[in-house]
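Take a look at the structure below.
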Amino acid sequence: GKSAYLNDLWAYSPLTGEWAWMSGDKTGGAGVSGTQGTPAAGNTPAGRQGAVGWTDAKGNFWLFGGFNYNTGLTYLNDLWEFNPSTNEWAWMGGVNSESCTNCNQSGVYGSLGTPAGGNIPGGRMNAVSWTDNKGNLWLFGGDGLDSTGAYGSLNDLWELNPSTNEWVWM
């Protein structure tokens, strides 16, 4: 049979001990980006492996990057936000993975320590992520692409401010 990376999202209730399917496809998902920054019921990220995720101070779930076989063995750098109150995804930045083939994207680092709208980590998988006490999202390393498009093990550190949607290379 055909294999594909999945894009289904599930929620677990410790109170009931049950899982609930929240979004995504039942079979390998190509994803629907919609309009950047606009949540919609039909939006969903493409299937992937090795993505990183965070939960912000408002309880929204964030998803970044990963490796996608469905779009031609590519390292993704798309950023997504899921609001559990509305059950809607919003594509927040990076390359629109549904409209590209070979989406391998280099990082745009900008100036060290300076947030900017054009900054974004390169496509990657298996990075480490966490949130700080201000609700900022942090991303470190992984396997992927640097500023020149060269593939390797990365050691770059990034911070994303969810309220401004700007990355800063730290």
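Looking at (1) farther than 25 Å from residue 126 by Cβ; (2) open to solvent by 40 Å² or more (accessible area, probe 1.4 Å); (3) touching a strand residue (DSSP E or B) at 6+ places or on another chain (Cβ under 8 Å), can you tell me which one residue 5 breaks?
It fails just one condition, (1).
If residue 125 passes every condition in (1) under 19 Å from residue 25 (Cβ atoms); (2) of a type outside the set (Lys, Arg); (3) at pLDDT 85 or above but one, which one does it miss?
Failed condition: (1).
Can you confirm whether residue 95 is of a type in the set (Val, Ile, Thr), modelled with pLDDT under 95 and within 21 Å of residue 48 (Cα to Cα)?
Spelling it out, residue 95 is indeed of a type in the set (Val, Ile, Thr), modelled with pLDDT under 95 and within 21 Å of residue 48 (Cα to Cα).
Is there any pair with a first residue in the range 45-56 that is under 14 Å from residue 33 (Cα atoms) and open to solvent by less than 30 Å² (accessible area, probe 1.4 Å) and a second that is of a type in the set (A, V, I, L, M) and part of a loop (DSSP other than H, G, I, E, B) whose Cβ atoms are under 9 Å apart and which are 6 or more apart or on different chains, and what are they?
Cβ pairs passing all conditions: 45/51; 46/30; 47/4; 47/6; 47/30.
Give the range 131-158 a look and list any residue that's assigned to a strand (DSSP E or B), open to solvent by less than 50 Å² (accessible area, probe 1.4 Å) and over 17 Å from residue 106 (Cα atoms), or say none.
Within the range 131-158, 137, 138 qualify.
On the basis of being open to solvent by 50 Å² or more (accessible area, probe 1.4 Å), modelled with pLDDT of 95 or more and part of a strand (DSSP E or B), does residue 19 make the cut?
yes
Quick check on my filter: what residues within the range 105-130 are in contact (Cβ under 8 Å) with a residue 40 or more places away in the chain and in a strand (DSSP E or B)?
Listed by number, the residues that qualify are 116, 120, 124, 125, 128, 129, 130.
Anything in the range 22-38 that is open to solvent by 70 Å² or more (accessible area, probe 1.4 Å) and either farther than 18 Å from residue 65 by Cβ or touching a Gly at 6+ places or on another chain (Cβ under 6 Å) (or both)? List them, or say none.
Passing the criteria: 26, 27, 35.
Return yes when residue 86 is closer than 22 Å to residue 9 by Cα, open to solvent by 40 Å² or more (accessible area, probe 1.4 Å) and over 15 Å from the mean Cα position of the chain (by Cα) and no when it is not. Working first, answer last.
Numbers: closer than 22 Å to residue 9 by Cα: yes; open to solvent by 40 Å² or more (accessible area, probe 1.4 Å): yes; over 15 Å from the mean Cα position of the chain (by Cα): yes.
Here the answer is yes, as residue 86 does meet what is asked.
The values are calculated or read from the model by the stated rules, or taken from the named source; none is laboratory data. Computed from a predicted model, the values in this text were never measured in an experiment. So basically every Cβ, Gly included, is an ideal-geometry build from the backbone, and we count neighbours across all protein chains shown. All accessible areas refer to the heavy atoms of the entire protein, side chains included, with ligands and DNA or RNA removed. Shrake-Rupley method; radii C 1.70, N 1.55, O 1.52, S 1.80 Å.
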